[in-house]
Amino acid sequence: MRLTFTDAQWRQEAGSFWLSLKVENPYEARRFLATMKGKKYVADLKEYRERRSLDANAYCWVLLGKLAGVLNLPPDEIYRSVIRDVGDNYEVMPVRNDALDHWRDIWADKGIGWVCEVIGPSKLEGYTNVRNFYGSSVYDKAQMSRLLDIIVQDCKAQGIETLSPEELERLMEGWE
């Protein structure tokens, strides 16, 4: 269950500590409380971010298909290439040298855009630093917007017609 909240309060009562949330959808909160049945639960709290539009994602793939036809490259290859240009969509981590190929396979199994790029030797002996790019399936609105902008610019450079800036803006506003 996912509850979105806008405010929280903390209180102490008879040796117990409480976190109260001001939720946007009280019906979801009530439904959760009705099904608790005295079990133990875990809550992961993180800052709310708008999810990307599936329409924007679909349009990215339409454009990637057109680019693939002009460049004579597979769309997946073009996608993996532009993922690297989005920014703020990767983590760097040291990976044991003897596990590097296995790590690449594990990371790539998450999706087409989940790409590993070797940076170079780590300060840790026997390790290599790897930049692990996230695919667009987990992008927030800003990241998805940058990805779409990159693909649109590549299309324009190849003479491929794209939506107008106004239409692109409306597309990016249609978020889940």
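General observations
- In order along region 61-69, the phi-based Karplus estimate (6.51 cos²θ - 1.76 cosθ + 1.60, θ = phi - 60°) of 3J(HN,Hα) comes to 6, 4, 5, 4, x, 5, 4, 4, x Hz; Gly and Pro are listed as x.
- Those aspartates and glutamates that a straight Cα-Cα span of less than 19 Å connects to LYS37, excepting residues fewer than 8 apart in one chain: GLU28
- Calculated FRET efficiency, ASN57 to ALA14, Cβ-Cβ distance, R0 = 41 Å: about 0.25 to the nearest 0.05.
- Only Lys, Arg (+1) and Asp, Glu (-1) charged, at Cβ; region 52-176 dipole about Cα centre in debye: 240 debye
- Between ALA14, ALA58, ALA157, the residue with the greatest mean-square fluctuation in the GNM of the chain (Cα pairs under 10 Å linked by springs) is ALA14.
- Local net charge near LEU64, Cβ-Cβ under 13 Å (Lys/Arg +1, Asp/Glu -1): -1
- At an R0 of 25 angstrom, the distance between the Cβ atoms of GLU77 and GLU167 translates into a FRET efficiency of 0.40.
- The simple Förster model, with R0 at 30 Å and r as the Cβ-Cβ distance, assigns SER137 and MET93 a FRET efficiency of 0.90.
- Loop sites in region 82-117: trypsin sites (Lys or Arg not before Pro), DSSP, at most 12 other Cβ within 10 Å: none
- Structure-derived Cα Rg over 2.2 N^0.38 Å: which label, when the choices are [x] 1.38; [y] 1.07; [z] 0.98: [x]
- For ILE112, residues with placed amide H under 5 Å, excluding near neighbours: none
- Here region 95-138 and region 56-77 have alpha carbon centers that stand 25 Å from each other.
- Top of GLU13, GLU77, GLU47 by mean-square fluctuation, Gaussian network on the chain, Cα under 10 Å: GLU13
- In the chain, helices alone account for a calculated mean residue ellipticity at 222 nm of -12500 deg cm²/dmol, with every DSSP H run of four or more residues adding -39,500 (n - 2.57).
- Near the amide H of TYR127, within less than 5 Å, lie the amide hydrogens of ASN97, SER122, all on another chain or at least 5 residues away, with H placed in the peptide plane.
- Per residue solvent-accessible surface (Å²) - the chain, probe of 1.4 Å: 70 Å²
- The modelled label-to-label distance between LYS37 and ILE106, using points 7 Å beyond Cα along the C-beta direction, is 3.4 nm.
- Electrostatic dipole magnitude of region 113-176 [Cβ: Lys, Arg +1; Asp, Glu -1; Cα centre; debye, to 20]: 340 debye
- Taking only protein heavy atoms and a 1.4 Å probe, the accessible area of the chain is 51% carbon and sulfur.
- Look at the dipole of the chain built from charges on Cβ: of VAL115, THR35, THR162, the Cα furthest out on the positive end belongs to THR35.
- In the elastic network of the chain, a GNM with C-alpha springs shorter than 10 Å, the most mobile of ARG80, ARG31, ARG131 is ARG31.
The values are calculated or read from the model by the stated rules, or taken from the named source; none is laboratory data. Fair warning: this is a prediction, and the values are worked out from it, not measured in the lab. Ideal geometry is used to build each Cβ from the backbone, glycine not excepted, and the neighbour counts take in all protein chains shown. Accessible surface is based on the protein model in full, side chains and every heavy atom, while ligands, DNA and RNA are left aside. Shrake-Rupley method; radii C 1.70, N 1.55, O 1.52, S 1.80 Å.
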